[in-house]
Amino acid sequence: MKNEKLYTDIKWLIAQAKSFVVQNINTTLVFTNYHIGRIIVKNEQKGKKRAAYADKTLKNLSKKLTKDFVKGYSERNLRAFRQFYLLYENRNIWQSLVAKSEKTKSLISKSKFSRSLIWQSEVAKSEQMTSAQPMITQFSKLFKLSWTHYMFLMRIETEEERNFYEIETANNNWSVRELQRQYNSSLYERLALSKDKKKVKELSRKGQIIAQPLDMLKEPYVLEFLELKEESVYTETELETALINKLEHFLLELGKGFLFQSRQQRITFNGDNFYIDLVFYNRILKCFVLIDLKIGKLRHQDLGQMQMYVNFYDREIKTKEENKTVGIVLCKQTNKAVVEYTLPEKNDRIFAREYRLYLPSKKQLQDLLLQKV
């Protein structure tokens, strides 16, 4: 019977996969779930009444697998495996393996599924999949996260945004909790709003690449981890203290490559003292990053003061090997006209950015992004 064969194939796959769990539990789990999804999809494509057929098939399959393996194969999970495969089926996992085998090349050229993993089932049948380890190793090069990560990523509707978070999670070794926080704070949209159209498209293909100061900026910065109320009264000193107390969180919000150096850094001109709120160093851009905090609306004096700080660091602090200093005025409300007419036309080192004490509306940011793109 067709359904009996479906059950037998998946049961055999699960049994084979379990032998590799000790070596690489996360990769093996993702590998197994992906292929279960592939087998289910192939089986469903033969069904005449697809919806009803699928519901009945998954229900029966779940009962049999649960009887054999106790847990992990509920009907809900089987649907997740199927969705996982459908979302990632075009990812060409076996390209390097293909190049090593003329026999495999022949199979690919004849198969209409040569750019996906479906054709691999034919290879598996001919070789009886005597060794799955090379396949799992190759699989791990393109699927670098845990199954729990992918369960979260599958909730993201657009492929571009989903790809971005997958790349950033792998590059930054984010836990699932940190991935959720970055997504809920609309990191993708906030980075995209600070970039031109070309750079926005690159986010989904390469993740966040920092090649110039503008690449590291977000719009706005989200400081919800401070747990300060938006309507409460607080001073700039209190805001600064709260950021220092939550420095680890603030560094994550600032992004890649930031190292903390000092707070209230004093500089003196002819007996007059000035204090830079926060001084960081970005090891990717190889430059100092100065941050001044303003709890109100941006004024031209704020930008002028930051220009003075940046000039001082460039002339007195940075070495010849380091790049020019970057200044960021982090304020409650920016004023584009003030920025435009206070700073030089080709300014690429002084920036004004807003901060929020609450998670922004994702829909609102998405709407702004759609208008831009």
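Just so you know, all these numbers are worked out from the coordinates, no wet-lab data involved. The structure displayed is predicted, hence computed values, not measured ones. Backbone-built Cβ (ideal geometry, glycine too); neighbour counts: all protein chains shown.
List, in the order given, every pair from Lys197/Lys363; Lys18/Lys144; Lys198/Lys346; Lys5/Lys46; Lys246/Lys286; Lys199/Lys318 whose Cα-Cα distance in the structure shown is over 22 Å.
In this structure, Lys246/Lys286; Lys199/Lys318 lie more than 22 Å apart at Cα.
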Placed amide H near Leu223: partners under 5 Å, 5+ positions off or other chain: Arg356, Leu357, Tyr358
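How high is the relative contact order of the range 128-281? Use alpha-carbon pairs under 8 Å, at least six apart in sequence, and give a whole percent.
Relative contact order here is 15 percent.
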DSSP-loop trypsin sites (Lys or Arg not before Pro) across the range 216-298, with at most 11 other Cβ within 10 angstrom: Lys229, Arg283
Label point at Leu247 placed 7 Å out along Cα→Cβ; residues across the range 265-282 whose backbone nitrogen lies under 20 Å: 265-267, 275-282
Amide H contacts of Ile328 (H built 1.01 Å from N, under 5 Å, at least 5 apart or other chain): Leu290, Ile291, Asp292, Phe351
